[in-house]
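These notes concern the structure reproduced below.
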Amino acid sequence: MIRTYQELFANNKKWVEDRTLQDPAFFDNLAEGQRPKFLWIGCSDSRVPANVVTGTDPGDLFVHRNIANMVIHNDMSMLSVLDYAVNVLGVQHVIVCGHYGCGGVAAAMGNKQVGLIDNWLRYIKDVYRLHQHELNAIEDPGQRLNRLIELNIQEQVYGLTTTTIVQNAWTAGRPLQIHGMVYDLKTGLLKDLQITKDQTSEIDEVYRLEPIFA
Ligand code: CO
């Protein structure tokens, strides 16, 4: 485990040497531009680094991370990342990746104030309210938390389908898929939640938006 600020630079130098040894053109190629196929929306948790857990390289994933992998419909940072990924980079897969043992979701399940973050976690309480019958029927608190973590991912996937960015891509016939997956801290394994949405998916009438220029 890294302890000092200086170690970051020492590690970086070693990494550059290793990568250059493996592939002398590695950095020259990356410097020319990026063409990632995936947008990853994940949790800020230090234990779930997108590239590491997927065994991918620089250039493979466009990444947005926040506490509890949320898709908040007026979050300009998330929307800008999504728009750039879909409309400029042309990614074909958007992934919402949550993780079991998520402290953000656990805090949202409780009633103790944590601080400013409570106002962010409140969105997860909306997910709890939507699914409270199912959740309250689960007696084991750990299992209830894991289920809320899965349902939260499901709702963020749903939230992506309500954006103009995703709806316009689908109207234009683009093969954009939105996936939900969960990472298990205890095993290191990723699980697809099999809730993938694509241009054939039904969008709830309430959220369906006709394009301005048809
Ligand atoms: Co988390």
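The values are calculated or read from the model by the stated rules, or taken from the named source; none is laboratory data. Since we're looking at a predicted model, the values are computed, not measured. FYI the Cβ positions are ideal-geometry reconstructions off the backbone, even for glycines, and counts take in every protein chain you see.
Checking Leu160, Leu151, Leu116, Leu130 one by one, the residue that is in the same structural domain as Ile195 (by TED's automatic domain parsing) and within 16 Å of the ligand (Cβ to nearest atom) is Leu151 and no other. Each residue in region 113-136 was checked for being more than 15 Å from Asn66 (Cα to Cα), modelled with pLDDT of 95 or more and touching a helix residue (DSSP H, G or I) at 6+ places or on another chain (Cβ under 9 Å), and 9 pass. Taken residue by residue, region 91-106 has no member that is away from the ligand (no atom under 16 Å from the Cβ) and free of Cβ contacts under 8 Å to residues at least 40 places away in the same chain. Within region 169-187, residues that are of a type in the set (Asp, Glu) reach partners that are surrounded by 14 or more Cβ atoms within 10 Å (Cβ to Cβ) and in a loop (DSSP other than H, G, I, E, B) with beta carbons closer than 7 Å, at six or more positions or on different chains, in the pairs Asp184/Tyr100.
Of the numbered criteria (1) assigned to a helix (DSSP H, G or I); (2) within 16 Å of the ligand (Cβ to nearest atom); (3) touching a residue at least 60 places away in the same chain (Cβ under 8 Å), the one Leu79 fails is (2). Flag not set for Ala108, criterion: of a type in the set (Gly, Ala, Ser), not in a loop (DSSP other than H, G, I, E, B) and not assigned by TED's automatic domain parsing to the domain that holds Thr196. Close Cβ contacts (under 9 Å, 6 or more residues apart or on different chains) running from residues in region 113-129 that are over 13 Å from Asn152 (Cβ atoms) to residues that are assigned to a loop (DSSP other than H, G, I, E, B) and among the hydrophobic types (A, V, I, L, M, F, W, C) comprise Ile117/Ile67.
Quick check on Asn74: is it assigned by TED's automatic domain parsing to the domain that holds Ala107, in a loop (DSSP other than H, G, I, E, B) and more than 11 Å from the chain's Cα centre (by Cα)? Judged against the criteria, Asn74 is a match. Those helices (runs of 4 or more DSSP H) of region 1-61 in which at least 3 residues are assigned by TED's automatic domain parsing to the domain that holds Ser77 and within 16 Å of the ligand (Cβ to nearest atom), considering only elements entirely within it, cover 50-53.
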